[in-house]
Each structure stands twice: as C-alpha cells, then as structure tokens.
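Below: the structure, in structure tokens.
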2 protein chains.
Amino acid sequence: MARQKLRIIPLGGLGEIGKNMMAIEYANDIIIIDVGLMFPKEDMLGVDLVIPDITYLLERRQKLRGIVITHGHEDHIGALPYILPQLDLPVYATKLTQGLISVKLKEHRYSEKANLRTIQSGVKFSLGNFKIEPFSVCHSIPDAVGLVIYTPIGIVVHSGDFKIDYTPVDGKATELAKLAQLGTQGVMLLLADSTYAELPGYTPSESVVGQTLERIIAEAPGRVIITTFASLISRIQQVIDAAAKHQRHVFVIGRSMRDTVRMASELGYLNAPSDVLCRFDELHRFPHNQVVLLTTGSQGEPTSALVRIANRDSSQVRITPGDTVIMSATPVPGNEALVNRTIDNLFRQGAQVIYERLAQVHVHGHGSQEELKLLLNLVKPKFFIPIHGEYRHLSLHARLAKTMGIPESNIFLMENGNILELGPDKGKITDKLPSGNVYVDGLVMGNLASVILRDRKLLSRDGIVVVIIAIDKRRGKIIGRPDIVSRGFVDTQEGENILEQGRALVATTLDRSGGRPLEWSFINTKVKDTLSKFFYEQTRRRPMILTTTVEV
Amino acid sequence: MARQKLRIIPLGGLGEIGKNMMAIEYANDIIIIDVGLMFPKEDMLGVDLVIPDITYLLERRQKLRGIVITHGHEDHIGALPYILPQLDLPVYATKLTQGLISVKLKEHRYSEKANLRTIQSGVKFSLGNFKIEPFSVCHSIPDAVGLVIYTPIGIVVHSGDFKIDYTPVDGKATELAKLAQLGTQGVMLLLADSTYAELPGYTPSESVVGQTLERIIAEAPGRVIITTFASLISRIQQVIDAAAKHQRHVFVIGRSMRDTVRMASELGYLNAPSDVLCRFDELHRFPHNQVVLLTTGSQGEPTSALVRIANRDSSQVRITPGDTVIMSATPVPGNEALVNRTIDNLFRQGAQVIYERLAQVHVHGHGSQEELKLLLNLVKPKFFIPIHGEYRHLSLHARLAKTMGIPESNIFLMENGNILELGPDKGKITDKLPSGNVYVDGLVMGNLASVILRDRKLLSRDGIVVVIIAIDKRRGKIIGRPDIVSRGFVDTQEGENILEQGRALVATTLDRSGGRPLEWSFINTKVKDTLSKFFYEQTRRRPMILTTTVEV
C-alpha cells in the first residue's frame, strides 16, 4: 500500500501577522499547533477580536489528537477560550505557557474544563501517529519552544517564533546543536518564522537592552518609570536586576503587570528579591532617586497607568521634572499614534522620555535575515514553508531559502486556508478552504456579515439621517409632516436649517404623488434620492439615509 | 518712545506634523509664513482636511501685508484655496512653488483672483516694516527657501523645511555661507525645522538614492516600475537620468504625476529629453528590459495606478514575473497598512518589490540632529524656537539647542496658538489663542463640533438602533407597537430575533407607565436604559440608541 501524504493546513498567521494556527494531518490523525488571535485591522470597525476559522477541524473531529502551543503570546494562545469549548482537546504547553493559558481560561471561566498537559524541551510525547519533541528557542517571552515532529514519512521542524540570542536573560539559548544533529539525520520539512525576514543582519541580544537600561537607571537624577509588555518577563527581570544594582526599589503599577509578576515569580521565571520589589503603599518612604516604577501602557492604551500619568489623570503618580520615562517596547502596528501622543504628553509634563528611536531600550523577538539563514543552513530541509508573516515577509523568506540552495519547486509560499499535500519526494497545494477569519464582536462569533462592517464604515464617515413618515394605514396616506433626526451628520447650528429644509423637501416630494396610495418602495427610493442629492449639494457629505414608515 | 515688541504666533505645525502656518507681527504689520493643510487623524472621522484657524488674522485685517511661502508641499500651501478667499493677500513664492500653487488654485477655481508674486534667493523685498530675503535650502522638492526677516528690532531666520545636502540633484545646496555671515552679523531669533530631531547623525544625500536606483535599473531583468511622491521632482529627475544611462524609456502613468512632470519641465525644473520620456501609447513598441514606468501610488491610495496594478485591476499594465517594483517613498504616518497591502499584492503577482526597508531607495527631506546642530552653530541666534514637529520633536530640538549653549530662558517651546512677545533682550509667552484646527468636511469649514466626531465614533463601533414610537397627540398615549430599525449593529439572521425581543421589551416598558400621559424625557430615558442593557447582555455591543416619537 502506498504511503499516505502529509497535509499541512495553515489556518492563521500566513499572509498576516497574528492569529497563528496550523493543522498537520496524516492518515487518521490531526495535530494543531498554536491557537492565536489577532487584533482587528482598521477596516474591521467595532470588531473586538479575530480568530481562526476551524470549520475544517470541526468536520474531522474524530481525527483530532491535541493542541500543542509554542509559547504564551496572545497571537499563539489568545483564541483558546473561544476554540477550546468547540474542540475539547488536550493542550500541550511548557510550564510558563501553561500558566499564561490558565490565567486566560480563568478569565473566560473555562479553566476547570481544560485539559492542560506540561511539556518540556527534549521530552518526546505522542499524539496518534505523530511523535513530538519540543526544543528551546529564544523569543521575547521565556519558555518558548519549537517543535520536532516525527511523522511516518519524515521529520518536520516547526520553529515557533524564534531568534538566535547567545546571551538571553534566562540563559536558555536556541538549541542549535540539536537542530544541526537533526539536519545531519535528514529533515523533510522546515516551517520557519518570517516576521523579520525584511531585516538584514542579526537581531541584537536582549543583553544589549539590559546594558542600556542599567546605564539610564544609573544616571537618572530622579525616578525612573519603565513601561514594557506585561508578558516580556525577561525585560522585567532586567529592570529588577538593574534597580537592585543601583540601590533602587521597584514598584509595579497596573493589574496585568502585577498579575504577571506574581505568576512568573511563583513559577520561578522571575527572580524578584522582596527588598527590591516593594508594595506600592511603601512608595512614599523612598526618595525619588531610589525609585523605579514598572508600569503597563507601552501601547498607549487609554486606560493604562502610564497614559493616565501622561494625562495628569493618575491619583498615584504625578510627573515632576527630573523623572525619566523609558518606553521599553515597540508600538504594535496601528498603535503608533497612541504611543506618540503618550510620549508627547510626558514631555509636556517635563519628563525626560527615552524611546526606541533615541536609544536601544528594546529589541524584538524574531530572527533577522542572518538568523533565518543559519536555521536553514543547520536544518538543511528538503522542503521549506515560510510561516508567520504578511505576504511580503513570506516571499522574502522564500527567496532567502532559494539563495541557500533549496530548489524553488520545494519551497511552498502558502497562505491561510491553503492545503499542501506532501509526499517524501514532492508536494502540491491542492485546495483552498473558503474562509479565514472569524470575527468576535461582543458575544457574537462568526463571519461577521460584511454588510455590518460596511454600514459601520458609512456611519463613521458622514453619520446617519433617519426619516420617519407616519401613514394612515386604512387610507394609505401620509399623516402630518415627515420627521427627520440625525447623528454624526451636521452640528446643531448648521443642522437645524438643513434638516428643516430636508423635511420640507420630503413633504413636497411625497405630496407630488397626489392622492395615490403610497408604495413603500416608492417612498424609500424617492426620499433617499431626493435627500441624498440635497444634502450632498448643501454639505458635500453623504450620510446614510434610513427611511422608515409608521403605520397608525 | 520704547520700541515695540515682535509677536511670534504659530497658527499651525507646532505640536503636530502638518498645516504649517506662522504669523509675525510688529507694530502695524503682520506677515504670514506658509498656509498648509493637514490630513485628518484617525479620530477625526469623516473629516476631509484640517486647516489653521485664522480668527486672529481676521480680527487684524488692516495689518496684514502678505503671505510668504517657503516651498510647494501640501503642508505649506494646501490651505491657500480655503484661506486666500478670506484674506485676499499677495502670495510670495519662488517660481516652482508658484507653479504648484497655481495648479492648486485652478482646481478650486480661484486662480484668476489670486495675486501671486515671484521671489528668489538673495533678492530682498519689503512687506511693511519687514524686509525679507529668501535663501535656498535643500528639501525633498526643488526651489525651497528659508527666510531672513529683517525686523526693526533684529534679524529673524526661518529655516523652512530643510536638510543639508552637499550633493543635491538640482545643484542648489543649502546656503551655509549666507547663514554663517548672518550669524557673525548677529541673529536675534532662529525658527528651525524639528521634524527629524529624533534622528542622530546626518540625513543621507539624495545622491545615495540616485546610485541605488541606477544599480537596480541596470540589473533588472524586465520592466522597472517606480513610484514616488508626484512632488518629488528631484527623484523623478534621477529616474529619468538612470533610465537614459541604461537605454531605457520612461512612461508616466497617473494624472497627477503627468501634470507635475509637464509643469516642472515647462518651468525648467525637470530635464526630460523627449527620446527618454515617451508617450504611454508607445509602450508596446519596446521590450520589457527597455522600459521604466513612473507612477503614482506610493501611499497605497486605492484609486492610484500602482494599486490598481497590484490588484490586477489595471487595463494598462499587468505584472509579469521579471518585473521589478521600487517604492521610492516612505509611508506617511497612517498609510502604513495601505502601503503594506500594496507591496504584498505586488509580491503575489510575482513582482520583485524593493522598498525602504530593503534598500536605500528613499531618503527624507529633513535634517537630522547633526544638521540641526550645524544650523544652530552657524546662525548663533540669541533666541530659539523649534518649529515643525510634534511636541517630542520640539522638546528634543530645544534640548539640542541647550547643549549648543543657548540659555534655557532664551528657548521657547511653543505650540499652536501661543503668542510670544519678544524684545531685544527677553521674550515671554503671553497668550494662548482659543482654537487650533478648522475642519473641512464637505463644504463646511469650521470648528466641527466635537459631538459630531463623537457620534461618528460611536456609530462606527457598534452601529445604531432607532426606536420609533407613535403617540396619539390628543390622548398622549402610544399607538400600536413601537418600531425598531438598526444599521451596523446586528446582521439580518441574528438581528431579527434580537430586535423583535427589543421591540417587545420597549412595549412592555411603556405599558408599565399605565394610563398616565407620556413624558418625552421619560420615554427617552426609560427606553434607552432598558434597551441598552438588554442589547449589551445579548450581544456585548453598545449601539447608539436613538428614540423618536411621532405624534399623530
């Protein structure tokens, strides 16, 4: 009997940044790698979250063996609370990742039902026909792993999100020797992180940031206020270390930051001596030059501690000249304006603000081109799929692989929903699943009708005008004058006049129909056309016009 | 008699990027420098443009002497069509800038009424008590100038937008010798561009880009498609030169690019030999490796030629493998997503795409920190005002000036609407004008009520629900069942049920009021509260709720 083919099905993260999820299928087994979410893009008005479409998996329930998570970032674990209740599978993750998943599931009141299993680097486990061996990788969160997946037709290596840092804060470097050994043994397929495939050279080590932070803390005349991602535990460790070295005390502001610090300390991922890490109510005991404040708000989130401080809206901290603020994070695409406004406001309060453009107070967690080449060189895969990235990142990573000697026919430039059927000697993209995104909007989860998004977009542009026409239902005739209300279209001054004229216009238009009984479609079209034209002439705006009749 | 003070009044561009405008007042004379516009920020939903508030000037009409423009970019000339009809002043600009202003005024049918006067570097002219001498500066558009303003109490230098490029494409370097001479003579006040005060070092010369473009064009196997800003005339010249050197022909696609090329050629700012620059209908005559296409679309504008090409939506050009696309521009903040989508789609069509992150195919037009220091060093001003930039840029530039030896009390960190009163020995910010922005939204120009913007934001998030209640006006009682319509809130499937339940709920709520006559405010509050709570429970969305009664 001919051997079956391996199916690689990316359900998220390919052709976009975020909501990473991939299914690997062989015969009667499917395993799932990562279950992430994505924050909505600009044109997804009012959408809260975007998660992967799992129709393909729901149709093959009996084949599903388990979910393996590479690390604890939102774009890898964030959709679990939405998808786990539908799939009810065991979730395999390292200790810290499991801690972060637990926190998340608890928020959604699903934690007791979840079946979480701990994995660790170098310890194999089986899921159906697959044998899986995690290996340590460096990333901007501790306890991140890549996966070696032993399949019946060959070895698959999945990089997870990774960079190569020889001096990581937690001491766990990416396991290059293991990868080299696998490369010698023969790897059929490599799936590798493409997020920073645009950048030449190497991504700097976390230790560079440690040195910068230490220098700034040493030289600061007053308080140092540092903001970073709550999940960037290694950065928090660096801040604690630098503070300790310069006889400063660290105070944590913001719930999510406090929760992470507590959890990571309990699990042993953060070493925070109690004389360095102090309770906030002790803050007044220390002079400014013995204080470091660690806070959320690195993305300029309007309700975060840092933004409230920047807006003089915090009861806890007020900026005084002499304060130094360090933004130890990059704005996530889309947050630039919020972050810049926060920086501007901190400068206005008299703080010295240090951010990525001014000093190396942040490095990112993904490998640049030289690291990607090193991985390709060590693993020497027969086939290659660039994963995690928008299309240009995948394209550039594919081109890099080609320059490293992998034949073009063995490189698969895939996007979400593509299905690759891979045999030992060749592969082919055979299918395209219909959908990619499931929108979470309030409690609703689904293919949020594009008509809703279109309506919201229209509404946001020029507002809405509602025309209400009362009709005598026995005689089919209009009663009184039509009414008009609007929102987001004109302000009260200019509006009164224009809306009043619109009202008169509707009345005239409807009068012209004479004594004939009124047809709804006639009213609707006629009123919309007339008003739309009138409003555009008067204001050059095109509000949405909603006509409704009340029959009495 | 004591000498009067100079008043410096920034009306735009300080504390923000864009809509640059400044008034300088002495005794009975006011001059205006630049009249720019700004594109709306994310939270200005539906606004088309933002222009400066000129109330201060309108109240002092008899003092106004003229408008001086430093260069032809939108953020320096764009508000002229809106403001010139209100002020009716002569506009002084260099030849190319004047050409660009004419094109703009013609679009707004105001060109015949405008009084445009040509100025040039080194030629002084008088406006009331002020004598003005333009000097050449390098920027990302030719014919840019800074201004030396001789006032009765001292010399003021306004840098315009500038960088220091020793090898500019048009050969006109920033006039350092003139600035040094002024510095020796004694400059009272320097106003200098802060846009790139964050960046250490020097901004690279335009010639670096020329070399990169030439190398790419020389090596490209097929067509080269280049996009840049239509106003970046020096870049267009570089493309024409590189194409000519490698025996390629240049074809221009897109109306605004064609208009600029024609105007700049006529005025002598672009040297485009007719055998290099060809008519588009000759394109088919040449093999791909003899073709360069120059096109608009560098900002991912949805209707631009390049975006249509990227979306396979152009009848003129279809991408084939072998094509090289060069994005010779930076995304203006806010356009990143559109630009990235365009790049992704070009990769999808099989093009090789080269953009700023991959090669130096663009340099910006503003000076970095070393250039700002050089200017300060040469001009040696007594007083300094950082202009053109968000607050952090102004702050960093102010700090730079302090490190150069200007006393902190002589540096004025101003924002739009501040008024600085400056004497020969000291200055003071004495006032703050109430407003900064005038929104242009359709035909309306004004202080677009914040309530409109807030409404549009609410509408864009979760849509709108309109409740219509018919009331018998004689008896003050409800007739029939209330009606509910919605847009952008729920889709038709889920919606029908929820809206029907909402309708029933409103009916019940109103019934409880018993036989009492109904008060409008009671209905409004009661219905809104009840529905808002119900919809949130059901959907976790908070649509805007608009209650309206029809009396019959």
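The values are calculated or read from the model by the stated rules, or taken from the named source; none is laboratory data. Because the structure is predicted, anything quoted here is derived from the model rather than measured. Every residue, glycine among them, receives a Cβ derived from its backbone with ideal geometry; neighbour counts consider all protein chains shown.
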Legend entry - Selection within segment B:383-407 - within 16 Å of B:L199 (Cβ to Cβ) and in a loop (DSSP other than H, G, I, E, B): B:H388, B:E390
Inset, instruction - Among residues belonging to segment A:415-439 that are crowded, with 20+ Cβ neighbours inside 10 Å and of a type in the set (A, V, I, L, M), point out the one that is nearest to the chain's Cα centre (by Cα). - result: A:V438
Legend entry - Check on B:K163, of a type in the set (K, R), surrounded by 21 or more Cβ atoms within 10 Å (Cβ to Cβ) and not assigned by TED's automatic domain parsing to the domain that holds B:L270: yes
Legend entry - Cβ pairs under 9 Å, 6+ apart, first in segment A:162-185 and free of Cβ contacts under 8 Å to residues at least 40 places away in the same chain, second acidic (D, E) and part of a helix (DSSP H, G or I): A:T174/A:E371
Inset, instruction - Tell me, please, whether a residue that is part of a helix (DSSP H, G or I) and either free of Cβ contacts under 8 Å to residues at least 60 places away in the same chain or surrounded by fewer than 16 Cβ atoms within 10 Å (Cβ to Cβ) (or both) can be found in segment A:135-152. - result: no
Inset, instruction - Report yes if some residue within segment B:102-109 is part of a strand (DSSP E or B), among the acidic types (D, E) and away from chain A (no Cβ under 14 Å); otherwise report no. - result: no
Legend entry - A:I155 being on the phi < 0 side of the Ramachandran plot and touching a residue at least 40 places away in the same chain (Cβ under 8 Å): no
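For segment A:317-351, enumerate the residues that are polar (S, T, N, Q) and free of Cβ contacts under 8 Å to residues at least 60 places away in the same chain. Please lay out each step first, then the result.
Pass one, segment A:317-351, residues polar (S, T, N, Q): A:320, A:324, A:328, A:330, A:335, A:340, A:342, A:345, A:349.
Answer for segment A:317-351, where residues must be polar (S, T, N, Q) and free of Cβ contacts under 8 Å to residues at least 60 places away in the same chain: A:T330, A:N335, A:N340, A:T342, A:N345, A:Q349.
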Inset, instruction - Count, please, the residues in segment A:318-353 that happen to be β-branched (V, I, T), more than 11 Å from every other protein chain (Cβ to nearest Cβ) and out of contact with any Leu (no Cβ under 9 Å at 6 or more places or on another chain). - result: 4
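Could you identify the single residue in B:A197, B:A230 that is assigned by TED's automatic domain parsing to the domain that holds B:N20, in a loop (DSSP other than H, G, I, E, B) and either touching a residue at least 24 places away in the same chain (Cβ under 8 Å) or in contact with a His (Cβ under 7 Å, 6 or more places away or on another chain) (or both)? Please lay out each step first, then the result.
Working: B:A230 fails: assigned by TED's automatic domain parsing to the domain that holds B:N20.
That would be B:A197, the only listed residue that is assigned by TED's automatic domain parsing to the domain that holds B:N20, in a loop (DSSP other than H, G, I, E, B) and either touching a residue at least 24 places away in the same chain (Cβ under 8 Å) or in contact with a His (Cβ under 7 Å, 6 or more places away or on another chain) (or both).
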Legend entry - segment B:459-474, subset more than 19 Å from B:K526 (Cβ to Cβ) and more than 8 Å from every other protein chain (Cβ to nearest Cβ), residue surrounded by the most Cβ atoms within 10 Å (Cβ to Cβ): B:K473
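Each row is one residue, and each column tells you yes or no for (1) without any contact (Cβ under 8 Å) to a residue 60 or more places away in the chain; (2) away from chain A (no Cβ under 14 Å); (3) touching a helix residue (DSSP H, G or I) at 6+ places or on another chain (Cβ under 8 Å).
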| site | (1), (2), (3) |
| --- | --- |
| B:V292 | no, yes, yes |
| B:T303 | yes, yes, no |
| B:L306 | no, yes, yes |
| B:S315 | yes, yes, no |
| B:R357 | yes, no, no |
| B:V361 | no, no, yes |
| B:H364 | no, no, no |
| B:E371 | no, yes, no |
| B:L378 | no, yes, yes |
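For segment A:537-545, does any single residue satisfy the condition of being at negative phi, modelled with pLDDT of 75 or more and loosely packed, with under 14 Cβ neighbours inside 10 Å?
yes
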Inset, instruction - Inspect all residues belonging to segment B:4-26 and state whether any of them is over 24 Å from B:R392 (Cα atoms), aliphatic (A, V, I, L, M), touching a residue at least 60 places away in the same chain (Cβ under 8 Å) and in contact with a Pro (Cβ under 8 Å, 6 or more places away or on another chain). - result: no
Legend entry - Qualifying positions in segment B:287-300 - modelled with pLDDT of 95 or more and in a loop (DSSP other than H, G, I, E, B): B:P287
Inset, instruction - Please give the number of the condition A:D165 fails out of (1) under 24 Å from A:Y269 (Cβ atoms); (2) touching a helix residue (DSSP H, G or I) at 6+ places or on another chain (Cβ under 7 Å); (3) at pLDDT 95 or above. - result: (3)
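Please work out if A:L84 is over 14 Å from the mean Cα position of the chain (by Cα) and within 14 Å of chain B (Cβ to nearest Cβ).
Details: over 14 Å from the mean Cα position of the chain (by Cα): yes; within 14 Å of chain B (Cβ to nearest Cβ): no.
In short, no.
Yes/no matrix, rows are residues, columns are (1) assigned to a strand (DSSP E or B); (2) buried (at least 21 other Cβ atoms within 10 Å of the Cβ); (3) not small (G, A, S):
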{"site": "B:S207", "(1), (2), (3)": "no, no, no"}
{"site": "B:A218", "(1), (2), (3)": "no, no, no"}
{"site": "B:G222", "(1), (2), (3)": "no, no, no"}
{"site": "B:T260", "(1), (2), (3)": "no, yes, yes"}
{"site": "B:S265", "(1), (2), (3)": "no, no, no"}
{"site": "B:G268", "(1), (2), (3)": "no, no, no"}
{"site": "B:P273", "(1), (2), (3)": "no, no, yes"}
Inset, instruction - Check A:F534 against each of (1) modelled with pLDDT under 85; (2) under 46 Å from the mean Cα position of the chain (by Cα); (3) among the aromatic types (F, W, Y) and name the one condition it does not meet. - result: (1)
Inset, instruction - Considering only segment A:341-360, state which residues are under 13 Å from A:L306 (Cα atoms) and surrounded by fewer than 19 Cβ atoms within 10 Å (Cβ to Cβ). - result: A:Q349
Legend entry - Selected residue [surrounded by fewer than 21 Cβ atoms within 10 Å (Cβ to Cβ) and assigned by TED's automatic domain parsing to the domain that holds A:K113] from A:Y92, A:Y26, A:Y56: A:Y56
Inset, instruction - May I ask you to list the residues in segment B:83-97 that are over 21 Å from B:S256 (Cα atoms), part of a helix (DSSP H, G or I) and out of contact with any helix residue (DSSP H, G or I) (no Cβ under 8 Å at 6 or more places or on another chain)? - result: B:I83
Legend entry - Residue that is surrounded by the most Cβ atoms within 10 Å (Cβ to Cβ) [pool: residues in segment A:66-89 that are in contact (Cβ under 8 Å) with a residue 60 or more places away in the chain and farther than 23 Å from A:S121 by Cα]: A:A79
